[in-house]
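Here, each number is a calculation from the coordinates, and none is a lab measurement. Note that the structure is a prediction, hence the values are computed from the model and not measured. Positions of Cβ are backbone-derived with ideal geometry, glycine not excepted, and every protein chain shown enters the neighbour counts.
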Amino acid sequence: MRRDLMNDGYTILATPHEYHVDYRVYRHEGQTLDGIPLFHRAGAATSPNIVETTDESEVYLSGFVKWDGCSNWSFDELARCQLHACDRDSLLAIGRVMAACWDWTHELCHHWDVTA
């Protein structure tokens, strides 16, 4: 399952399981004139090196959210370099994309049991 957060510049891929949902998040490098997100090619030695599919691109962060609201996250981008943000809103977008995953889990996990 996929959600594009165009305002924040991320695409989320979700894999639901019985008691949790796995997430992979990809950062946008731009978009086409038709509004289709573009990504950085996995393993590219130079930048920009743009691809149109998440299959060819680098995972920015990954993790899972459980039925009880607990979550664990890895910043895959840290294995390649430091996290980069050009402004305050870019920093907030990282939190918003993680929160969007948490919120989406309510829809995808049938055993969701969080009242907050």
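Give me, ordered by chain and number, the residues 5 or more places off Leu5 or on other chains with an amide H under 5 Å from its own placed amide H.
Placed amide hydrogens put Tyr10, Thr11, Ile12 under 5 Å from Leu5.
Assuming R0 = 30 Å, what is the FRET efficiency of Ile36 and Val114, from their Cβ-Cβ distance, to the nearest 0.05?
0.35
Can you tell which of Trp112, Thr46, His17 lies farthest toward the positive end of the dipole of the chain, using +1 and -1 charges on the Cβ of basic and acidic side chains (Lys, Arg; Asp, Glu)?
The residue sitting most towards the positive pole is Thr46.
Tabulate in residue order the Karplus-calculated ³J(HN,Hα) for the stretch 7-18, using 6.51 cos²θ - 1.76 cosθ + 1.60 with θ = phi - 60°, rounded to whole Hz; enter x for Gly and Pro.
Result, ordered by residue: 5, 9, x, 9, 10, 10, 10, 10, 10, x, 10, 4 Hz.
If each residue's Cβ is checked for other Cβ atoms within 10 Å, how do Val51, Val21 rank with the fewest at the top?
Val51, Val21
Using θ = phi - 60° and the Karplus relation 6.51 cos²θ - 1.76 cosθ + 1.60, list the HN-Hα couplings for the stretch 44-54 in order, rounded to whole Hz, with x at every Gly or Pro.
Listing the rounded values in order: 5, 8, 10, 9, x, 9, 8, 10, 9, 10, 5 Hz.
Take the alpha carbon atoms of the stretch 1-59, find their center, do the same for the stretch 83-116, and report the distance between the two centers in whole angstrom.
One Cα centre to the other: 15 Å.
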